[in-house]
Amino acid sequence: MLDLKFIRENPELVKKGIQAKGEMGDVDRVLELDQRRRQIIQQVEDLKKQRNENSKKVAQLKKEGKDASEIINSTKQFSETIKKLDDELKEVEVQLHEELSRLPNLPHESTPIGVDASDNVEVKSWGKIPQFDFEPLNHLELGERLDILDFKRGGKVTGSGFPVYKGDGARLERALINFMLDFHIEKHNYTEVFPPFLANRDSMFGTGQLPKLEDDMYLTEKDDLFLIPTAEVPVTNLHRNEILDGEDLPIKYVAYSACFRREAGSYGKETRGFLRVHQFNKVEMVNFVQPGQSYQFHEQLLQEACDILEALEIPYRVLLLCSGDLSFAAAKCYDIETWSPAEQKWLEASSVSNFEDFQARRANIRFRPEKGAKPAFVHTLNGSGLATSRLMVSLLETYQTDEGTIVIPPVLRKYMGGQDVIRRKYK
């Protein structure tokens, strides 16, 4: 949620930011409702002042034994008008909140202006693209030959986009999750959280999924709960409607969760295997920081995600997203992409975002800088550390051998009971 005072004082800047994101939002309507709201509040205050003055006059007239009926009738009219204005105020505030909720966060000044992903800027790359002296198989072929992935049976159980991991595939997926959690806890000083996989509407609104993205999520209509699209939602909302102690900041949480996305707008896009799924696993990092430090922590958060890929020895590149490719709630975002040898292209494996105080305003998450100080809104950040689905594509394809086996990255072997290679297990 944008600061209403900021919108009031910088309407053209807000319009420009919304346009740069390619989003919709009626700033003029917000200002119109805001003006009417303030007019009503002033009218009510004036009427209450007159009503109080009349009450004093009535008391004085009665004390003097004089007729006060005319002033009493006038006072009743004031009360009736105040009630009507209060009712109008409630309606105006509802409309104002709805209009404000539709305004996206504004891009940070360091975010490049652009229309879509083609305008993103590569800012870093690491590792060497693997070269093979044989024709590399794609992750689906590897998964089938080694009997470690089963998309067909996942489709039978649920539908397309719901994978099944088998044997060493399931063990490798679990190894990745546990490795990433342990790495962030031990190397980056995170506190682990294991959150619910369902969230209510207030939580979804707080992090910015509602109202815009409702069609992209799975809803359990009977309970009006959403399957979470990312652990960002429940973890950020842990502190909804709270005032944090400034001395406790930064707060750094890491969480594993399954993630569920309908991808309602993805028809016609690449859908093979893990390239686009409706359920996947992810380790998410969430930071609550003081406003003056959020961009410092944004860069740190980016490196914390990159550290995982460097430990796994998987090549990656980092893109700074342009304004037109930013999410609704982000002010600045980096995407981390890993290389797919079989697809011969980069695949998004992580997004690292700074939301500034946008989510905090929606979720009412504040902090007290010091004892007795007025509470202020925190800045929230999050980053995938990382999503396993496309990471699994790059891992399987990068570590394949000409024998059709998969070499397990050294850092994962202790999570695989010392196993160093995945082979087809024949009965």
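The values are calculated or read from the model by the stated rules, or taken from the named source; none is laboratory data. In this text, all values refer to a predicted model and were calculated from it rather than measured experimentally. Cβ placement follows ideal geometry from the backbone for every residue including glycine, while neighbour counts extend to all protein chains displayed. Side chains included, ligands, DNA and RNA excluded: accessible areas come from the protein's heavy atoms. Shrake-Rupley method; radii C 1.70, N 1.55, O 1.52, S 1.80 Å.
Here are a few things to note about the model shown:
- Per-residue [θ]222 nm for the chain (sum of -39500 (n - 2.57) over DSSP H runs n ≥ 4, rounded to 500): -13000 deg cm²/dmol
- Cα convex hull volume per residue for the range 73-160 (Å³): 277
- Take residue 191: with every protein chain present and a 1.4 Å probe, its accessible area is about 80 Å².
- Surface/4 of the Cα convex hull for the range 302-409, nm²: 8.9
- 18 Å tail of the calculated P(r), the range 1-60, as % of Cα pairs: 53
- Distant alpha-carbon pairs in the chain (separation over 37 angstrom), percent: 36
- Charged-residue dipole, Cβ positions (Lys, Arg, Asp, Glu), the range 257-348 about Cα centre, Debye nearest 20: 440
- Potential lengthening of the chain between residue 5 and residue 413 amounts to 141.4 nm, from the contour at 0.36 nm per residue minus the alpha-carbon distance.
- All Cα-Cα separations within the range 173-293 were binned at 5 Å from zero, giving a P(r) of 2, 10, 18, 20, 18, 15, 11, 4, 1, 0, each value a whole percent of the pairs.
- Nearest 10 degrees, 0 to 90: helix 167-188 Cα axis against the chain principal axis: 50
- Prolate/oblate/rounded label for the range 219-360 (Cα gyration tensor, a/c 1.5): oblate
- Solvent-accessible area per residue for the range 349-411 (1.4 angstrom probe, square angstrom): 31
- Mean shadow area of the range 282-335, taken as a quarter of the surface of its Cα convex hull (nm²): 4.6
- Antiparallel bridge percentage (DSSP; both residues within the chain; nearest 5): 90
- Area of residue 348 that stays accessible when all protein chains are in place (1.4 Å probe, Å², to 10): 80
- Peptide ranges 192-198, 363-369 listed from the most packed, as the mean C-beta count within 10 angstrom indicates: 363-369, 192-198
- Per-residue accessible area (protein heavy atoms, 1.4 Å probe) orders 339, 126 as 126, 339, starting from the largest.
- In this entry, the range 3-156 is assigned a mean projected area of 19.8 nm², taken as a quarter of its C-alpha convex hull surface.
- Listed residue (341, 401, 112) projecting farthest to the positive dipole end of the chain, Cβ model: 112
- Per-peptide average of other Cβ atoms within 10 Å, ordering 351-360, 328-337, 66-75 highest first: 351-360, 328-337, 66-75
- Using 0.36 nm per residue and subtracting the Cα-Cα separation, the extra length available between residue 95 and residue 258 on full extension is 55.2 nm.
- Which listed pairs, of 21/187; 212/282; 252/332, have C-alpha distances above 30 Å, in listed order: 21/187
- Check: the chain dipole with +1 on Lys, Arg Cβ and -1 on Asp, Glu Cβ, in debye: 1180
- Charged side chains reduced to their Cβ positions (Lys and Arg at +1, Asp and Glu at -1) give the range 131-232 a dipole of some 240 debye around its Cα centre.
- Residue among 143, 350, 285 farthest towards the positive dipole end of the chain, charges placed on Cβ: 285
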